[in-house]
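The values are calculated or read from the model by the stated rules, or taken from the named source; none is laboratory data. Note that this is a predicted model, so its numbers are computed, not measured. So basically every Cβ, Gly included, is an ideal-geometry build from the backbone, and we count neighbours across all protein chains shown. Areas reflect the complete protein model, heavy atoms only, side chains present, ligands, DNA and RNA absent. Shrake-Rupley method; radii C 1.70, N 1.55, O 1.52, S 1.80 Å.
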Amino acid sequence: MVGTVPAPVPLPRRPFRARPPVRPPSEPDEAGDAGEAVRLWYEEALGWPTASGRPVRLAVGERFDVLDVPAEAGHAALERLERAGHAGQGFPVALGGGRMRLLVAAGSAEELPGLLDWLDWGSLELDLAAIGAGGLMEAPSPPGRGAAAGRPLPPGRDGSQGAAEWLRPPEPGREVEASLPTLSAMGGRPGAPDLVRLVNTVATQVHRVRLRRACAEPRVASQAP
C-alpha cells in the first residue's frame, strides 16, 4: 500500500565478550620488568644464553655445564680445595634450595660417569648430578640485586630459602671459560681448576655427608619417646 512505513528489521545481537582487565598505568608489571632486567644482564653483560619464559633460566651446555650437589657437601669441598690451593681463579658457584651448583667447562657432564668410574666412585650411589647440553639452570639474581646484594654469602649458607643466589658471582667482561674446572689432559686452560680433582673432592664430601646422616638417624630414633 502506498505510504505504508515498513516494519523495522531487528538487528542480530552480538555475543557479549568480557574485556581483559587492563593494568592501570600506576601499577607497572614490576615482576616482568625485573625478570627482563635479569635476562638482559646475563645475555648482554655475560653473553650467556637464556631460555624463554619465567622465571629466567640459563641454557646449559654452550658456555658451561653444572655440577649439582648438596650445599653441605659443596661447602666442604670448596673449603678443602681452597686450603690445598686448588680453587683456581674462583669459578662461579650458585646456591638455591639447599643445593650447590658449581659451573664447570662445557662438555664436563658427558665426562662425569667415566670420571666417577675411574675414581672408583661409580659403584656407589652419590647425590651428585651433572647438567649438560639441553639442560637449564635457574638464574640467580645478578650481583647488586636481591638479598645478597652481590656480596659473597657467608660460609655455611646453603641457600635453603629457595631463590637461587650467587656464592661466587661471574664477572662481566671476563671470559667465564678461563675460570671453569676442566680436564687438564684435554687441553684445559692454564690456571683453571682441574676437573678430576674437583669431582673427586666433591664425591668424597657427598659420601661423607651421606654416612654422617645415616649414623645420626639411629640416634634420633633411639631418643624418640
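Below are the figures for this structure:
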{"read-out": "Set PRO12, PRO25, PRO20, PRO55: member being within 13 Å of the chain's Cα centre (by Cα), at pLDDT below 95 and open to solvent by 40 Å² or more (accessible area, probe 1.4 Å)", "value": "PRO55"}
{"read-out": "Single match in GLY85, GLY47, GLY90, GLY98 (criterion: open to solvent by 10 Å² or more (accessible area, probe 1.4 Å), under 21 Å from ALA133 (Cβ atoms) and of a type outside the set (Phe, Trp, Tyr))", "value": "GLY47"}
{"read-out": "Checking SER179 against (1) hydroxyl-bearing (Ser, Thr, Tyr); (2) in contact with a helix residue (DSSP H, G or I) (Cβ under 9 Å, 6 or more places away or on another chain); (3) at pLDDT 75 or above, the condition it does not meet", "value": "(2)"}
